[in-house]
1. Tell me which of these Asn179 doesn't satisfy, since it passes every other one: (1) part of a helix (DSSP H, G or I); (2) on the phi > 0 side of the Ramachandran plot.
2. Got a sec? Which of Lys164, Lys244 is among the basic types (Lys, Arg), out of contact with any helix residue (DSSP H, G or I) (no Cβ under 8 Å at 6 or more places or on another chain) and in contact (Cβ under 8 Å) with a residue 12 or more places away in the chain?
3. Only one of these is open to solvent by less than 40 Å² (accessible area, probe 1.4 Å), touching a Lys or Arg at 6+ places or on another chain (Cβ under 9 Å) and not acidic (Asp, Glu): Pro47, Pro78. Name it.
4. Among the numbered criteria (1) over 20 Å from the mean Cα position of the chain (by Cα); (2) surrounded by 14 or more Cβ atoms within 10 Å (Cβ to Cβ); (3) farther than 23 Å from Gln57 by Cβ, which one does Met157 miss?
5. Conditions first: (1) closer than 22 Å to Gly210 by Cα; (2) touching a strand residue (DSSP E or B) at 6+ places or on another chain (Cβ under 7 Å); (3) hydroxyl-bearing (Ser, Thr, Tyr); (4) open to solvent by 10 Å² or more (accessible area, probe 1.4 Å). Thr38 passes all but one, so which condition is the exception?
6. When you look at Asn89, is it in contact with a helix residue (DSSP H, G or I) (Cβ under 8 Å, 6 or more places away or on another chain) and polar (S, T, N, Q), yes or no?
7. Of all residues in region 160-176 being of a type in the set (D, E, K, R) and part of a helix (DSSP H, G or I), which is surrounded by the most Cβ atoms within 10 Å (Cβ to Cβ)?
Amino acid sequence: MEEQIEVKELEHVVVLFSGDSGDGMQLAGNIFSNVSATVGNGISTFPDYPADIRAPQGSLNGVSGYRVQIGAGKVYTPGDKCDVLVAMNAAALKTQYKNCKPQGTIIIDTDSFSPRDLRKAEFSTDDYLKEMGIDPDRVVACPITKMVKDCLADTGMDNKAMLKCRNMFALGLVCWLFNRDLELVNNFLTEKFKKKPAVAESNIKVVAAGYNYGHNVHASVPNTYRIETKEKVAGRYMDITGNKATAYGLMAAAEKAGLTLFLVLTLLLLLQTFFTNWQNTSQWALLQCSVKTKSQVQHLQLVQHSQAHWLPHLHQVLVFA
């Protein structure tokens, strides 16, 4: 007889997706957030991007994160400590564990915790859980990379393309943990990759594999969770970023006050501040010293060109405005 797992109802929960830059944590977090909003939960998100000049793969400085707080009612912040931490590699666990609650659940890809990965993440020993004082009972240790490759073995995808789907396996696990309807995830992926149906199909397949893995093995957790919406209000809803919300607020305030709003002036002031700061500090010299690859050189040349092009003209434009 199949063992029954308890489903607990929560008022709110914080989930933190983290991994190497390029692991697709932003996409996984964004999909989970949109699915949660679709069922009526309140959400607030905080994407945490690394520097534009990418750090070496597996290093502590190259970790990318996406935090979302989901609530039964309205949510106003992305939260502090997370209840669930997804760490796709050793560096993500090393840098983000401090943001996890003492009894939080941690999901890791054990295939990304080899001795070489641990050295990159500056672990002193191979027993990384003991070194960080983490209770193994709180950890969902899953060979995500291997399972994704097995899942997509018959698709004809190359190794690099298959590895890009690892984030979807983690997403499937989190959807199982919070009893999310995979049909909503599938619809999102179908729409996002509508010009690449094969990519959409592969991602949908991997999401289902992650969900089924959690369901079949109960993923070492005593219970799953459900966040019921307290009050569903009919109407039109939209996905809004902080920048867009700020712009709408400025427009509404200007309309109510009967004043003209000069958004271009604000943008130019920000540009002037950015370029002036770069020019007046030693960060520019440090940036030049850190450039090593062809893509980084091209990026640096682009920033230098922008600085040389905009800075001499900013004062004239600002005075004119």
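The values are calculated or read from the model by the stated rules, or taken from the named source; none is laboratory data. Since this is a predicted model, take the numbers as computed values, not measurements. Cβ sites come from the backbone with ideal geometry, for glycine too, and all protein chains shown count toward neighbours. Note: accessible area is taken over every heavy atom of the protein model, side chains too, but ligands, DNA and RNA are not part of it. Shrake-Rupley method; radii C 1.70, N 1.55, O 1.52, S 1.80 Å.
1. In the conditions (1) part of a helix (DSSP H, G or I); (2) on the phi > 0 side of the Ramachandran plot, Asn179 misses (1) alone.
2. Details: Lys244 fails: in contact (Cβ under 8 Å) with a residue 12 or more places away in the chain.
Being among the basic types (Lys, Arg), out of contact with any helix residue (DSSP H, G or I) (no Cβ under 8 Å at 6 or more places or on another chain) and in contact (Cβ under 8 Å) with a residue 12 or more places away in the chain holds for just one of Lys164, Lys244, which is Lys164.
3. Pro78
4. Met157 satisfies every listed condition except (3).
5. With respect to (1) closer than 22 Å to Gly210 by Cα; (2) touching a strand residue (DSSP E or B) at 6+ places or on another chain (Cβ under 7 Å); (3) hydroxyl-bearing (Ser, Thr, Tyr); (4) open to solvent by 10 Å² or more (accessible area, probe 1.4 Å), Thr38 is out only on (2).
6. Here the answer is yes, as Asn89 does meet what is asked.
7. Applying the filter and picking the extreme gives Arg166.
To keep it simple, each residue is scored yes or no on (1) under 26 Å from Ala208 (Cα atoms); (2) open to solvent by less than 20 Å² (accessible area, probe 1.4 Å); (3) among the charged types (D, E, K, R); (4) not in a helix (DSSP H, G or I).
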position: Gly65; (1), (2), (3), (4): yes, yes, no, yes
position: Gln103; (1), (2), (3), (4): no, no, no, yes
position: Ile107; (1), (2), (3), (4): yes, yes, no, yes
position: Met147; (1), (2), (3), (4): yes, no, no, no
